[in-house]
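See structure below.
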Amino acid sequence: MVHQYKSNGYNIVLDVNSGCVHVVDDLAYDVIAMWENHTPEEITAAMLERYADRPEITRSEVEEVIGDVRALQEDGSLFSDDPYRDAVIDFKQRNAVVKALCLHVAHDCNLGCKYCFADEGEYMGRRALMSYEVGRQALDFLIQNSGSRVNLEVDFFGGEPLMNWDVVKQLVAYGRSQEKEHNKKFRFTITTNGVLLTDEILDFVNKEMGNIVLSIDGRKEVNDRMRPFRNGNGSPYDLIMPKFKKVAESRHQDNYYVRGTYTHFNKDFASDVLHLADEGFKQISVEPVVAAPTEPYAIREEDVPELCAEYDRLAKEILSRRRKGNGFNFFHFMIDLTGGPCIYKRISGCGAGTEYLAVTPWGDLYPCHQFVGNTDFLLGNVYDGIQNKELQDRFKLCNVYARESCKDCFAKFWCSGGCSANAYHFSGDINGSYEIGCELQRKRLECAIMIKAAEAEAAAQEKQES
Amino acid sequence: MKRIQTLNSRNLKDSLKVGGCGECQTSCQSACKTSCTVANQHCENKNK
């Protein structure tokens, strides 16, 4: 399976099964487009006719390109086959360890974000804070169910986790106290709106947490429209922006993200990403809201072309800024073409319901934070473990090959089949799909590869000049 | 190849033999929480 497209002056060919990316000229691009359904003779004749006004494209030139394409095919980096399916399904069925928890330490929030999937922190339930005892039991559950995995991830989530800060500190201390005895390494992270963030809290976070996700949507009017205080008064942006700048600097512009959501109301979201960059942030993640189509702020199918154009605009601006030495990382354009995750990771999905679980303030286990509150997806609790094995088995079978819509998608080994929660909310099936999300994911991948192509070209030019 | 430049030397199929250790970060924990992004995850397999 091959995907080819033109972007920002580059002709790009992605061989899906090998993950190989080729940047080609027009002639090679056209030869590759005909490759699967035509003979070499037919391709040669077609190219000589198409490029009749370009005398430098001779029969021998076309035949040379055909030879190159054949060599790449024989090498397994173009038109390669798919040997993964059986291996990966078997892998996921065997894989029964838990390695990551999303700890909902507070089902309460001091903001009233209009798009909050957590129902302004309460998850369709009651306001509650996790006790230290429940949190400790959750960490014990993680240790006991993590098999030989060394690295264990715990994200302090909410609602707003700083509303239960003392428990967060105690749980970090407890986790650290267990590492040596059990040969585990806890990687703590926190996701916060910043309202309660203080210097003291920041010192602790910088000492103990591998990542901090800072929620902010971009420009002041955009942020405050969708992320107001619960009483509607004042500007959350004005309160959090100086604090977030301090976080970024104190962490040397690394191991954090300012993380925003864009909606139907700010389809020009590239301006929000660039606003965050202009404010000095170097690690930025802004992504589309996921909401019921009936919500006025939901992304609609007719928004997609405009949103794709925004991704193009953003990609070009990122390249321009990098050339000037003022670049930044945009989470959804970050790809690693030389390393990156193995094929098992790429096919196995996000791990929700298997290696990744969410824990409510009272210790219930759900497949992920987005299912919390829907009791159809209650898996068990931190005291008794997984009770609903049948539900967990369904999640074990979530993978790229279980989703019909992934079958012919060029992005499948880069998004891992997408989000099961989004799929469920839009199709009623955890193995379904959320087509708007898929369209935007494909666009982001195209932009990310284009950036790599441009950077490779710039590096080659630099080398030539030196 | 003068008309074709390959950007990456690594073929995903190579990882079929040595991958699957599971030590890498859970994709949703990183910075999204509403999507699934694996393309930018780091491989943490020490036995590659």
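Think of chain A as a dipole: +1 on every Lys or Arg Cβ, -1 on every Asp or Glu Cβ, centred on the Cα centre; then among A:GLY112, A:VAL258, A:THR354, A:GLY112 lies furthest on the positive end.
Total Å² of accessible surface buried at the A-B contact, 1.4 Å probe, nearest 100?
Working: alone 21080 and 4970 Å², together 20800 Å².
Using a 1.4 Å probe on protein heavy atoms, the buried area is about 5200 Å².
Volume of the convex hull of the range A:235-370 (Cα atoms only), normalised per residue: 188 Å³. Can you give me the relative contact order of chain A as a percent, contacts being Cα pairs under 8 Å and 6 or more apart? Reported as a whole number, the value is 15 percent. For the range A:28-44, the Karplus equation 6.51 cos²θ - 1.76 cosθ + 1.60, evaluated at θ = phi - 60°, returns couplings of 4, 4, 6, 5, 5, 4, 8, 4, 6, 10, 9, 7, x, 5, 5, 5, 4 Hz by residue, with Gly and Pro reported as x. Each helix, a run of at least 4 DSSP H residues, gives -39500 (n - 2.57); summed and divided by the residues of chain A, these come to -13000 deg cm²/dmol at 222 nm. Cα-based values for the range A:138-210, radius of gyration first and Dmax second, are 12.7, 38 Å. The spread of Cα positions in the range A:105-169, taken along each principal axis and listed from longest to shortest, comes to 42, 22, 19 Å.
Shielding by partners for A:359-372, please: the mean number of other protein chain Cβ atoms within 10 Å of each residue's Cβ. Mind dumping the intermediate values first?
On the way: counts 0, 0, 0, 0, 0, 0, 0, 0, 0, 3, 3, 3, 0, 0.
Mean number of neighbouring Cβ atoms from other chains: 1.
Which of A:ASN223, A:ALA298, A:THR39 sits farthest toward the positive end of the charge dipole of the protein assembly as shown, with +1 on the Cβ of Lys and Arg and -1 on the Cβ of Asp and Glu? Value: A:ASN223.
How many partner chain Cβ atoms sit within 10 Å of a residue's Cβ in peptide A:416-428, on average, as a whole number?
On the way: counts 6, 2, 3, 8, 2, 4, 3, 1, 0, 0, 0, 0, 0.
Across the residues of A:416-428, the mean count of other-chain Cβ atoms within 10 Å is 2.
Where does the range A:1-126 land on Rg(C-alpha)/(2.2 N^0.38 Å)? Mind showing how you got there, number by number?
Working: Rg = 25.1 Å, N = 126, 2.2 N^0.38 = 13.8 Å.
For the range A:1-126, the normalised Cα radius of gyration is 1.81.
Which value results for Rg/Rh of the protein assembly as shown when Rg is the Cα radius of gyration and Rh the Kirkwood radius based on the inverse mean 1/r? Walk me through the numbers before you get to the answer.
Numbers: Rg = 23.9 Å, Rh = 24.1 Å.
Reported Rg/Rh (Cα atoms, Kirkwood Rh): 0.99.
Dipole magnitude for the range A:219-296: computed about the Cα centre from +1 point charges on Lys and Arg Cβ and -1 point charges on Asp and Glu Cβ, it is near 240 debye.
Take the Cα of A:LEU196, step 7 Å toward its Cβ, do the same at A:LEU239, and the gap between the two points is 1.2 nm.
Let me know the shape class of the range A:72-215, please: from the alpha-carbon gyration tensor, a ≥ b ≥ c as square roots of the eigenvalues, rounded when a/c is under 1.5, otherwise prolate if a/b is greater than b/c, or oblate. Note, shape of the range A:72-215 comes out prolate.
About its Cα centre, chain A has a charge dipole of approximately 1740 debye under the convention of +1 per Lys or Arg Cβ and -1 per Asp or Glu Cβ, with nothing else charged. Considering only A:VAL205, A:LEU27, A:VAL97, the residue lying farthest towards the positive end of the dipole of the protein assembly as shown is A:VAL205, judged by Cα position with unit charges set on Cβ. Annotation: extensible slack from A:GLN464 through A:ARG127 equals 115.1 nm (criterion: 0.36 nm per residue apart, minus Cα-Cα distance).
Taking 2.2 N^0.38 Å as the expected size of a compact globular protein, what ratio does the Cα radius of gyration of the range A:183-228 give against it, to two decimals?
Values: Rg = 13.7 Å, N = 46, 2.2 N^0.38 = 9.4 Å.
Ratio of Rg to 2.2 N^0.38 Å for the range A:183-228: 1.45.
When the C-alpha to C-alpha distance is required to be over 23 Å, the pairs from A:LYS246/A:LYS316; A:LYS282/A:LYS463; B:LYS13/B:LYS46; A:LYS185/A:LYS452; A:LYS180/A:LYS389; A:LYS412/B:LYS33 that qualify are A:LYS246/A:LYS316; A:LYS282/A:LYS463; A:LYS185/A:LYS452; A:LYS180/A:LYS389.
The values are calculated or read from the model by the stated rules, or taken from the named source; none is laboratory data. What you see is a predicted model, and the numbers here were worked out from it, not measured in a lab. Positions of Cβ are backbone-derived with ideal geometry, glycine not excepted, and every protein chain shown enters the neighbour counts. Keep in mind that these areas ignore ligands, DNA and RNA; they rest on the heavy atoms of the full protein, side chains included. Shrake-Rupley method; radii C 1.70, N 1.55, O 1.52, S 1.80 Å.
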